[in-house]
Amino acid sequence: MTDSNHDIEQPDGRVPKRVIGTPSPAADTALLGTGEQHAGDLDVPGVTPQNEATAKKGEKFAALCFTIALIAGIGFIVSYVAFQVGDIEKTKVSNLALGGALTVALLALAAGIVVWVRMIMPKYNLVQERHPMASDGQAREYVAETFLQGAAESGITKRPLLRRTLLLAAAPLGLAPLVLLRDLGPSYADFPKKLRHTVWGEKTKDGKHRKLVVEGTGAPIRAADFNSPGGILSVVPEGYEHDLNALAKATLILIKFRPEEIKSGTNLNWTHDGIVAYSKICTHVGCPAALYEQTTHHILCPCHQSTFDAADGAKVIFGPAARPLPQLPIAVDNEGYLVATADFAVPPGPSFWERGDAEAEVRENGGHA
Amino acid sequence: MSAGSVPKPIASTSSFIDDRIGAGNFLKRNLRKVFPDHWSFLLGEIALYSFIVLLLTGTFLTFFFKPTMGHVIYDGSYEPLKGVMMSEAYASALHISFDVRGGLLMRQMHHWAALLFVAGMMVHALRVFFTGAYRKPRELNWLIGVGLLTLALLEGLTGYSLPDDLLSGAGLRITEGVAISLPLVGTWITFFLFGGEYPGEDVVSRFYSLHILLIPGILLALITAHMILMWVQKHTQMPGKGRTNNNVVGAPFYPAFMAKAGAYFMFTFGAIALLGTFAQINPIWLFGPYTPADISAGSQPDFYMGFLEGSLRLMPAWEINVLGFTLPLSVLIPALVPMGIVMTGLALYPFIEQWVTGDRSEHHIAERPRNNPHRTSIGISAVTFYGILWLLGANDEIAAFFHVSLNWTTYVGRVLIFVGPAVAYFVTYRMCLGLQRSDAAVIGHGVESGVIKRLPSGEYIEVHVPPNEAIEAHMRGKTAIPVITGTSADGDGIPPKGMRGPLGKLRAKLSKAYGGEKIPLDGEHPHEEHAAVGSGEDDKSLTRH
């Protein structure tokens, strides 16, 4: 209930005018070294010395703590030399030894000091006066006068040419750092255009459509082999398997459906034999929508749980994403491998200011970008 | 107060310094500076000491970390990732973890200290808020504190993006998704931040210089200012016996407070070392290198970012397309509004309160939360708002753990985010009044003594005695919250100039509701059924209805 740790010897209420417990000017040279042998001298209100028995006990206990800290500190140094790292097991042992020793050393040191404060140092209940933070009227007046006088002396107030040219001179220098930041960004400025295109729209060097390859192995996908309904693959563009900038827009999920499962939202012209490719990059804030529930055909983004119906053009059925995952037009090449026949009709990934309603444009143009 | 003479080495050093900078005058005034004592005053110190640990461990980490995104083939001693292509940043983070002695310990301590830093700041801010310790003259220090908290979040965000593992990349991707959603400037900010398209090869080195130089530099400067202001203005104290608005009661800086602070630093440091040793945190080697194509389910940010994650999850899928431009409200609102409400609300609160109460006087006695019920209710309301968002940031975990529908956690959350704070406000307000009543009862009737008396009429009553002096003084620290009245001081019924308009009327109304004495301590005693009958005058009885 109470917050006061110590009882107070003063009578209630009134402010003591004396600052008790602060050293008298005469004691300036004796700020240090208030030793135990002088405990009797500490006859200051608000300072209650510990009794000698408690202090003795405290000294022993604190000394024990400090000794433990010493040993643990040495243990830390020894552990550093004794335990090497280099594999998981060794690192684990080294971490335990170093961390354990450090913990013990620090906590023992802390405990020792607490014992010191509580059992050896006096109990304090000192009172100091507060003064209003504001300076007195005289000081304020003096400052105000001096300020005006200084301003007048400097001539800044009555010499407008000086003042205005100084301000003008500062302006470009203030802007200079901002100008310098220009090259943080790329040399081009048509950012929206970059965001609208992915590498799927680029032909390969020999002028063919780009193959879909399995993420991780880089193996191209033969449509005939990807034939079990409910199957799902994470797919990246051939030639860009390790290009993170390309992957951030072009990664796909490839899903195999039974033909009767596919609903009207899916563009059948862009599928091949029940195989549908959607952008894996969530249209909310760009996490990979990596979870797939086979029975319901739901694609779920683990970041914010936007849920898309893969059978129905990946339309949003739950969560904060506002748009379906874009579908990629795919077909097979003459060897039977899955390829992209064109880029996404709409920009994949999170929305941005200049994006506009790309979906509506596509609908107006009859399904083509 | 003679206590022997100062030992020679100290005396000669100190006079050397004093001769040159006159340190004696400063020490004379400050060595015995009094610091009041209360457990809640220690919360901010946790943050302070965590910051020191962050500087120490962070400096160690910079000796080994390579903040570049160039690709390398991993060839360190962590077997499962050998031969895997990854960024140099991630490879060096693995190197710190497995090939530098004490590296893993320092990494884990750094991460734990960061969590403790933010957590310490949060509970400290709550303490200051609920006890009104931000009131004049401490508004500036409060603003510095709000700035520190904001910067700490930014520091955390730039920090956990550095190791470039799969989890940190997921956080970075969300950051990008939010940045690019901003109207007009979104694509510009994103392309400038990442030096081109996401993820590019620049962001780690840029975040690195922000994380180890710019932000900590500002943090350090602001923390120093925070400390200096606290020192100059002297700490607030809890109400109690002998404590007034014009004094400070407690222990002297030298030697008691100094030693206690030292011990507390060691405790904080030790606790962080304990966590860093035994509680694994951010095991980046399990996540693998970042690729925008993959993510692991259950990815969670550090706790202090959880409320943003929750608000993103909660938001319905609103997006506006006008004139060829897109406004992704489903990202903008959750990313900006909750943070805006909390931070702006914190920053403005002292000034709004001053405007409402018209109180321009200095306050050095901390208020007990019950004694300012509207403030406490507003605070708890905000905590509830934040807490619901924070919980919903883990709604997938909640759904999995309690076997409830994930979608329903979101639906429920969408309602709770509005209802929860309102209910919290009402309940807190009633609780504050109840606690005030119980204080008034203790002051007015004393406390139960355990002595049962039989009256001549045959009735039994329990004898009440006056409360303990310290407790009574603590309770009597209560002061009425100032109110501005709608009428002028001369009582002619005409409101002063500033109070006539609609804003003035609103202000008067708010002031009346906010301020005043809700339950006077020495007010009329509630209807007494059992009069005190006792040995002395102090004997009072209390009957609770």
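Fewest neighbouring Cβ atoms within 10 Å first, the residues B:77, B:457, A:264 line up as B:457, A:264, B:77.
Between residue B:230 and residue A:148, the modelled labels are 4.1 nm apart [label points 7 Å from Cα along Cα→Cβ].
Listed as lacking a disulfide-compatible partner in the protein assembly as shown: A:65, B:432, by the criterion of no other cysteine Cβ under 4.7 Å.
To the nearest 0.05, how large is the calculated FRET efficiency for residue B:404 and residue B:82 if R₀ is 35 Å and r is the Cβ-Cβ distance? It comes out at approximately 0.25.
Placing R0 at 30 angstrom, the Cβ-Cβ distance between residue B:205 and residue B:150 gives a FRET efficiency of 0.80 after rounding to 0.05.
Fully extending the segment from residue A:296 to residue A:164 would add 40.4 nm, taking 0.36 nm per residue of separation and subtracting the current Cα-Cα distance.
Return the FRET efficiency for the residue pair residue B:52, residue A:136: r is the Cβ-Cβ distance, R0 is 41 Å, and the value is rounded to the nearest 0.05. Once the sixth-power term is evaluated, E becomes 0.60. The shape of chain B can be summarised by an equivalent ellipsoid whose semi-axes, obtained from the alpha carbon gyration tensor, come to 49, 34, 25 Å from longest to shortest. The distance between label points at residue A:312 and residue A:188 comes to 3.8 nm (points 7 Å beyond Cα on the Cα→Cβ vector). Quick one: which of A:208/B:66; A:56/B:234; A:57/B:260; A:203/B:66 span more than 30 angstrom between C-alpha atoms? The answer is A:208/B:66; A:56/B:234; A:203/B:66.
Translational D (Stokes-Einstein, µm²/s) of segment B:84-177 at 10 °C and 1.306 mPa s when Rh comes from the Kirkwood sum over C-alpha pairs?
102
Looking at the square roots a ≥ b ≥ c of the eigenvalues of the Cα gyration tensor of segment A:47-124, which shape do they give, rounded for a/c under 1.5, prolate if a/b is larger than b/c, or oblate? Cα axes put segment A:47-124 in the prolate bin.
The lysines within cross-link reach of residue B:509, meaning a Cα-to-Cα straight distance under 30 Å and a gap of 8 or more places when in the same chain, are B:136, B:478, B:497, B:518. Can you give the local net charge around residue A:307? Use residues other than it whose beta-carbon is closer than 14 angstrom to its beta-carbon, Lys and Arg +1, Asp and Glu -1. Charge balance near residue A:307 sits at -1. Shape of segment A:139-184 from its Cα gyration tensor (a ≥ b ≥ c, root eigenvalues): rounded if a/c is under 1.5, otherwise prolate when a/b > b/c, or oblate? Taking the square roots of the gyration eigenvalues as a ≥ b ≥ c, segment A:139-184 is oblate.
Once C-alpha pairs closer than 8 Å and six or more residues apart are averaged by separation and normalised to the residue number of chain A, the relative contact order reads 12 percent.
Full extension of the chain between residue B:418 and residue B:320 gives 32.9 nm of extra length, using 0.36 nm per residue less the Cα-Cα distance. Would you work out if the protein assembly as shown is rounded, prolate or oblate? Take a ≥ b ≥ c from the square roots of the eigenvalues of the alpha-carbon gyration tensor; rounded if a/c is under 1.5, else prolate when a/b is larger than b/c, oblate otherwise. Cα axes put the protein assembly as shown in the prolate bin.
Ignoring lysines fewer than eight residues from residue A:263 along the same chain, the ones with Cα atoms less than 23 angstrom from its Cα are A:280, A:315. Within the listed set A:310, A:110, A:358, the residue fluctuating most in the Gaussian network model of chain A (springs between alpha-carbon atoms under 10 angstrom) is A:110. Here the Debye sum runs over all C-alpha atoms of chain A as equal scatterers in vacuum, and log10 of I(q)/I(0) at q = 0.07, 0.09, 0.11, 0.13 Å⁻¹ comes out as -0.76, -0.80, -0.86, -1.02. Qualifying trypsin sites (Lys or Arg not before Pro) in segment B:275-378, where qualification requires a DSSP coil assignment and no more than 12 other C-beta atoms within 10 Å, comprise B:360. With contacts taken as Cα pairs under 8 Å and at least 6 residues apart, chain B reaches a relative contact order of 16 percent.
Pick from A:219, A:169, A:53: which residue has the top mean-square fluctuation in a GNM of chain A where Cα pairs under 10 Å get a spring? Greatest mean-square fluctuation among the candidates belongs to A:53. Hydrodynamic estimate: the Kirkwood radius of segment A:198-365 over Cα pairs, inserted into Stokes-Einstein at 25 °C and 0.890 mPa s, corresponds to D of 156 µm²/s.
Across segment B:146-185, the residues whose backbone nitrogen lies under 18 Å from the label position 7 Å along the beta-carbon direction of residue B:222 are B:146-160. Nearest 5 is fine: what % of DSSP beta bridges in chain B come out antiparallel, could you say? Counting only bridges with both partners in chain B, antiparallel ones make up about 95 percent.
Ordering B:504-510, B:237-243 by mean Cβ neighbour count within 10 Å, with the highest value first, yields B:237-243, B:504-510. At 7 Å along the Cα-to-beta-carbon direction for both residue A:243 and residue B:512, put a label point, then send me their distance in nm to one decimal. The answer from the label model is 7.1 nm.
No value in this document is a laboratory result; all are computed from the given coordinates. Keep in mind the model is a prediction, meaning the values are calculated, not measured. Counting neighbours? That spans all protein chains shown, and the Cβs are built from the backbone with ideal geometry, glycine included.
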